[in-house]
1. Using a 1.4 Å probe, what is the accessible area per residue for the stretch 140-212, in Å²?
2. Quick one: with all protein chains in place, what share of the accessible area of the stretch 166-247 is carbon or sulfur, to the nearest percent (1.4 Å probe)?
3. Based on the mean of other beta carbon atoms within 10 Å per residue, what is the order of 219-226, 59-66, 102-109, 203-210, most packed first?
4. In whole percent, how big is the carbon plus sulfur part of the accessible area of the stretch 29-101, probe 1.4 Å, protein atoms only?
5. What is the spin-label model distance, in nm, from ARG30 to ALA70 if the labels are put 7 Å beyond Cα along the C-beta direction?
6. With label points built 7 Å along Cα→Cβ from the Cα atoms of THR188 and ASP78, find their separation and express it in nm.
7. With every protein chain present, what is the per residue accessible area of the stretch 1-59 (1.4 Å probe, Å²)?
8. Roughly how compact is the stretch 150-264, stated as its Cα Rg over 2.2 N^0.38 Å to two decimals?
Amino acid sequence: MFKHILVPLDGSKLAEAAIPAAASLSIIFRAPVTLLHVIERDAPETIHHDRHLSNPEKANEYLAEVAKTAFSSEIKVDWHVHTAAVADVARSIVEHSAEEFQPDLIILCSHGNSGVHEVLYGNIAQQVAAASGTPVLLIKPDGKGVFNPKHILIPLDNESIHDDVIPVAMDLARAYNAELNLICVIATLATLTGEQAAAGTLMPVTANAYLNMTEQNASEHLEGHLRAFQKEKIPSTAEIARGDPAPVIAKFADENGSDLIVFGTHGRAGLDAFWNRSVAAGVARRTTIPVLLVPLGQASGPA
């Protein structure tokens, strides 16, 4: 499924949280890895006493050491330093991905706390996820540190808009001998937004009946997927929940021991549309569990 993995690193321990996942996935899928460092214009040498490489020679030495020590000798690991300093690191990563390396997966650390490092590094992960047409795996530095998913959560809508991610999740489940857990969150009257909220206020009985019908359709939709998983001998479960999708999904993932959350996203909609209004982004903000973002239309693989 993943034939080439790109791992951007800035030299910090926070960014290195992406390495265990890259090492694991490269072994599982026999995928070569490219380590990338982009020199940031006017970048400080340290951020909160954590290294931030701004010297091309030191960056090259650093990536060579990571390639040697963090990955199996059976895996081909290359590295590249973009030496021309740039103001927009995220754009540079996306351009390298699309024009030069063409990876099947980008793995990034997304720092979940506020503060300077979030602005300078975590935001880059968000921008790459928003702008890239390539699947992006976001890793939190305060997560487990080991990537070996045994419970993979797939949030779906009540129709089939996000079903493109299912082949990717199935491949991962086979590779890691993992269980697939489906969840669909249906709104309540209190959590409707926009025009739907206005309609719910004017016609609460009608709106509530519509939501109940939507829940029934979602249940039938998920049951169809469970039957398909059963044929493939992949253990699976399905859950219907009610409420605001992002906090409900994040809470469910944390309480049920999810090791990975796989989302279908409209990745090319732009940073504002993706990160400010996306359910996937809302979940990523609320959990330390790795989140795999698969642009809709990009997902493929045997089902």
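1. That works out to 48 Å² for each residue.
2. 55
3. The densest-packed peptide leads the list: 102-109, 59-66, 219-226, 203-210.
4. Whole-percent figure for carbon plus sulfur exposure: 46.
5. About 2.5 nm separates the two model spin labels.
6. For THR188 paired with ASP78, the spin-label model returns 5.3 nm.
7. In whole numbers, the stretch 1-59 has 43 Å² accessible per residue.
8. 1.14
The values are calculated or read from the model by the stated rules, or taken from the named source; none is laboratory data. Please read all numbers here as calculations on a predicted model, not as lab measurements. Please note: Cβ atoms are built from the backbone with ideal geometry, for glycine as well, and neighbour counts cover all protein chains shown. SASA here: full protein model, heavy atoms, side chains in, ligands and nucleic acids out. Shrake-Rupley method; radii C 1.70, N 1.55, O 1.52, S 1.80 Å.
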